[in-house]
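The values are calculated or read from the model by the stated rules, or taken from the named source; none is laboratory data. Small disclaimer: the values here were computed from a predicted structure and weren't measured. As a convention, Cβ positions derive from the backbone with ideal geometry for all residues, glycine included, and neighbour counts pool all protein chains shown. Just so you know, the surface numbers come from the protein's heavy atoms only, side chains and all, with ligands and any DNA or RNA stripped out. Shrake-Rupley method; radii C 1.70, N 1.55, O 1.52, S 1.80 Å.
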Amino acid sequence: MRRTLSLIVSAVILLGGCRAKEAMDKAKIASDLDNHGTMDLMKDVANDKYDAPKDGKLTDSQIQMYLKVREHEKQIAQVAKQQLQQHSEESKKNGEKSLSGMVEGFKALGSAADFATADIRAAKDLKYNTQEYLWVKSQVLAASSTAMVEKMSEAMNAQMSASYAQMKKSMDEAPDATTKKMYADMLAGFEKQKAEAAAQKQQEDPAIAYNRQLLSKYEGTLNAYTQELSKYEDKPGEVQKGMEQWQKDLDKAKTDAGKQH
């Protein structure tokens with residue numbers, strides 16, 4: 001009994017400590033945003049230079065940098081978003097055309113800029129080269145976005161294959177030459193689309209394929225795109241839930257199409 005009580009007390013203390021640390025972190029970020037605005041940040045990063053590799057390929061250390069910056073970016077973005085909401089509410093409360101309302105409106109614009117540059121501020125806080133980080137982020141999001149496109153293409157191709165098989169059957173069963181030709185023309189159109197899709201697949205940037213493979217060592221390739229969108233959500237987890245449902249819907253559509261063969 002005593003041991004159980006001791007564990008409960010320890011858990012409460014630990015939880016309280018985590019909350020206290022989170023509150024302190026937010027207070028520190030808020031203070032930094034108030035005392036070191038976006039213009040100051042831009043001056044700080046102006047001297048950062050980076051020559052990106054010509055092959056466009058990321059490294060493990062760059063992926064790790066991106067993930068660390070993204071985690072800190074979330075904290076900054078949350079605080080900036082809260083400040084934006086507070087200033088906007090105060091502006092409306094005081095009257096947007098009043099002097100105090102206009103001051104709060106200008107503060108809201110500053111918070112919006114802080115929100116938009118949260119990733120750069122996070123990179124700077126963590127002592128990374130901001131220009132390298134921005135290049136890495138663009139490569140990661142490009143890899144993640146192509147994974148999303150590929151997911152949609154798989155479902156569309158499955159639907160197309162099912163339609164092709166049904167159309168081929170209808171052509172074979174057509175009662176006259178005119179109807180057969182109509183179906184034959186439609187099938188030719190399908191084949192052309194498939195050939196074009198295959199050609200585009202072959203032309204895919206090898207760097208993107210490489211970066212997708214590298215990214216998959218650390219997280220699902222769609223997650224980077226999901227996390228980028230989640231910064232704008234009002235309810236935590238809303239975007240993640242929507243993305244998971246979207247993937248399930250595509251998988252179901254692909255499976256259903258396969259059953260039609």
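Count of the range 144-181 residues, restricted to those that are closer than 30 Å to residue 216 by Cα, open to solvent by 60 Å² or more (accessible area, probe 1.4 Å) and among the charged types (D, E, K, R), is 1. Every test in (1) among the aliphatic types (A, V, I, L, M); (2) within 14 Å of residue 255 (Cα to Cα); (3) at pLDDT 80 or above is passed by residue 182 save one, and that test is (2).
Within the range 80-95, count every residue that is over 18 Å from residue 30 (Cβ atoms), open to solvent by less than 40 Å² (accessible area, probe 1.4 Å) and in a helix (DSSP H, G or I). So the answer is 1. Does residue 218 qualify as being of a type in the set (Phe, Trp, Tyr) and in a helix (DSSP H, G or I)? Spelling it out, it is not the case that residue 218 is of a type in the set (Phe, Trp, Tyr) and in a helix (DSSP H, G or I). The set of residues in the range 186-206 being part of a helix (DSSP H, G or I), over 29 Å from residue 172 (Cα atoms) and either at pLDDT 80 or above or among the β-branched types (Val, Ile, Thr) (or both) consists of 206 alone. Residues that are open to solvent by 30 Å² or more (accessible area, probe 1.4 Å) and either among the aliphatic types (A, V, I, L, M) or without any contact (Cβ under 8 Å) to a residue 24 or more places away in the chain (or both) were ranked within the range 121-130; the one that is farthest from residue 46 (Cα to Cα) is 126. The test for being buried (at least 17 other Cβ atoms within 10 Å of the Cβ) and closer than 30 Å to residue 41 by Cβ holds for residue 118. Out of the range 30-51, which residues are in a helix (DSSP H, G or I) and under 25 Å from the mean Cα position of the chain (by Cα)? Passing the criteria: 30, 33, 38, 41, 42, 45. Candidates 147, 155, 174: the one that is outside any helix (DSSP H, G or I) and of a type in the set (A, V, I, L, M, F, W, C) is 174.
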